[in-house]
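> Take a look at this one; I'll ask things after.
The values are calculated or read from the model by the stated rules, or taken from the named source; none is laboratory data. Values in this document were obtained by computation on a predicted structure and should not be read as measured data. A quick note on method: Cβ atoms are made from the backbone with ideal geometry, for glycine too, and the neighbour counts reach across all protein chains shown. Heads up: the accessible areas ignore ligands, DNA and RNA and are worked out on the full protein's heavy atoms, side chains in. Shrake-Rupley method; radii C 1.70, N 1.55, O 1.52, S 1.80 Å.
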Protein chains: 2
Amino acid sequence: MRMGVLGSGMVAQALSARLAELGHDVMIGTRDAEKLKGWQSSNQRVNIGSFAETATHGEMVFNATNGAASLQALTLAGEANLSGKILVDVSNPLDFSNGFPPSLTVCGTDSLAEQIQRAFPFTKVVKTLNTVTARIMVYPLEVAEGDHHVFISANDVDAKAQVMKLLKNFGWINIFDLGDLSTARGTEAYLLLWVRLFGAMNTGMINVKIMK
Amino acid sequence: MRMGVLGSGMVAQALSARLAELGHDVMIGTRDAEKLKGWQSSNQRVNIGSFAETATHGEMVFNATNGAASLQALTLAGEANLSGKILVDVSNPLDFSNGFPPSLTVCGTDSLAEQIQRAFPFTKVVKTLNTVTARIMVYPLEVAEGDHHVFISANDVDAKAQVMKLLKNFGWINIFDLGDLSTARGTEAYLLLWVRLFGAMNTGMINVKIMK
């Protein structure tokens, strides 16, 4: 499948490399191709493009840009290029303007995922993977042999099912369907706990398991 | 030990009954004693008092009032009556003004626990138990035989240790020390995910386990 990954940071790199490893035709989209040249030399199956080229390339597109800049990046990617497609939003509305730990640019009454969905009404936004670090996103078995949960939120049931299939290919065993896209308010706000767990444990190789 | 529990709702009732069961001398504090008469008839070991009487009674005091009204309730309890004591804050800054699911009255840059600590600088505020429903707070073994985590945040290390001991008496096996009181920003924000888990699972008898 043709995959487009918007972003050039750790998350975008991890997603792109893993998607290519799984046999997908991947383009990673950035405003600064130079930045990715070194990384690409060991990831030659991944092509580099602009945001717009990457959105056009992908049958499924990932938003792995900095949450604070996501709406702007997606606008550069182009509404027409994203129209009708699944956009897997793995970003978080983190506000680092006062350093670490971050706060959120939106909390409780709205979410970044919903902001994106409103701005791109013809795109099927699926929120997932934003509650774990890049490595766990794509190699979930590396923490507790996969005995932990990833959450998924979306308004479009078919789009959600497609992304769940991809998550299983990444290795996810426990996928928790929270419901519609407004439930992303919960997973985005969870980041405020995540950064404290990270602070206390000194590692990002952690996740939660829902117990009942 | 003399325990004071501020509040008259489900959480205050559960804490009071359990503390009495464990042999403590418990007073539950309310603005409306009539409301608790029926409950008290089957919990006769618990005395009913005003907020101020309850704060005075307790060597350790619990804030189990509605988060939106906590600062006002604690003011009625009286700064002098709370001075030098441990205040276990189990409340959440939930804003139900737009119905369910709630948003938060404070998020990311501050927490209700810190607001309380600033308003009562001579009281040792310990935030804990706010991430689980009343029944699990005091009978944690009823979910997954206790195989899940409760979090604790406080600036005063000795106060934190005392409350951890009490949590163990409730049955808690896994107590996660997040650090100072600012880490309550994380556990309070987690409620936005909790209400979505509750919505998806149709039960509050759930909790998270931290996996690594």
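> Can you give the accessible area of residue A:79 in Å² (nearest 10), computed on protein heavy atoms with a 1.4 Å probe?
80 Å²
> Quick one: pull the percent of accessible area on the protein assembly as shown belonging to carbon and sulfur, 1.4 Å probe, ligands and nucleic acids left out.
Answer for the protein assembly as shown: carbon and sulfur cover 50 percent of the accessible area.
> So, one more: As a test of reading the structure, rank A:148, B:57 by solvent-accessible area (1.4 Å probe, protein chains only), most first.
B:57, A:148
> A further question follows. Taking every Cα atom in chain B, find the radius of gyration and the maximum pairwise distance Dmax, and write them in Å.
15.9, 49
> Need the C-alpha centroid separation for the stretch A:166-186 versus the stretch B:14-32, integer Å.
40 Å
> How large is the accessible surface per residue of the protein assembly as shown, computed with a 1.4 Å probe and reported in Å² as a whole number?
39 Å²
> Translational D (Stokes-Einstein, µm²/s) of the stretch A:21-126 at 4 °C and 1.567 mPa s when Rh comes from the Kirkwood sum over C-alpha pairs?
Using the Kirkwood radius from Cα pairs, D works out to 88 µm²/s.
> Per residue of A:99-108, how many C-beta atoms from partner chains lie within 10 Å of its own C-beta, taken as a mean?
Taking all residues of A:99-108 together, the mean is 4.
> Using a label point 7 angstrom from Cα along Cα-to-C-beta, what distances in nm, from shortest up, separate residue B:39 from the other copies?
Sorted ascending, the copy-to-copy spacings read 5.4 nm.
> Starting at the first residue of the stretch B:70-86, write each ³J(HN,Hα) from the Karplus equation 6.51 cos²θ - 1.76 cosθ + 1.60 with θ = phi - 60°, in whole Hz, x for Gly and Pro.
5, 4, 5, 4, 5, 5, 5, 4, x, 4, 5, 6, 9, 4, x, 9, 7
> Taking N as the number of residues in the protein assembly as shown, what is its alpha-carbon radius of gyration divided by 2.2 N^0.38 Å?
That works out to 1.08 for the protein assembly as shown.
> Using unit Cβ charges (K, R positive; D, E negative) and no other charged atoms, how large, in debye to the nearest 20, is the dipole of the stretch B:1-70 about its Cα centre?
For this selection, approximately 120 debye.
> Measuring nothing but label to label, 7 Å from Cα along Cα→Cβ, what are residue B:177's distances to the other copies in nm, shortest first?
Distances between equivalent label points, in nm: 4.2.
> Hey, another quick one. How many square angstrom of accessible surface are buried between B and A, both sides summed, with a 1.4 Å probe and rounding to 100?
That pair hides around 2800 Å² of surface in total.
> Mind checking which of B:161, B:73, B:14 has the largest fluctuation in a GNM of chain B, springs on alpha carbons under 10 Å?
B:161
> Anyone know which of A:164, A:27, A:201 comes out most mobile in the 10 Å Cα GNM of chain A?
Ranking A:164, A:27, A:201 by mean-square fluctuation puts A:201 first.
> Note down the nm distance, to one decimal, between modelled labels 7 Å out along Cα→Cβ at residue B:80 and at residue A:71.
Roughly 5.2 nm, to one decimal.
> So, one more: Place the label 7 angstrom along Cα→C-beta at residue A:158 and in each other copy, then list the distances from the first to the rest in nm, shortest first.
The projected label point of residue A:158 is separated from its counterparts by 6.6 nm.
> Non-local amide H neighbours of residue A:5 (under 5 Å, H modeled in plane, Pro and chain starts lacking H): which ones?
Here A:27, A:28, A:29, A:62 satisfy the definition.
> Computed on alpha carbon atoms, what radius of gyration and Dmax characterise the stretch A:150-202, expressed in Å?
Calculated on Cα positions, Rg and Dmax stand at 13.0, 39 Å.
> Under 13 Å from a point placed 7 Å out from the Cα of residue A:165 along the Cα-to-Cβ direction: which residues of the stretch A:1-43 have their backbone N that close?
Correct set: A:1-2.
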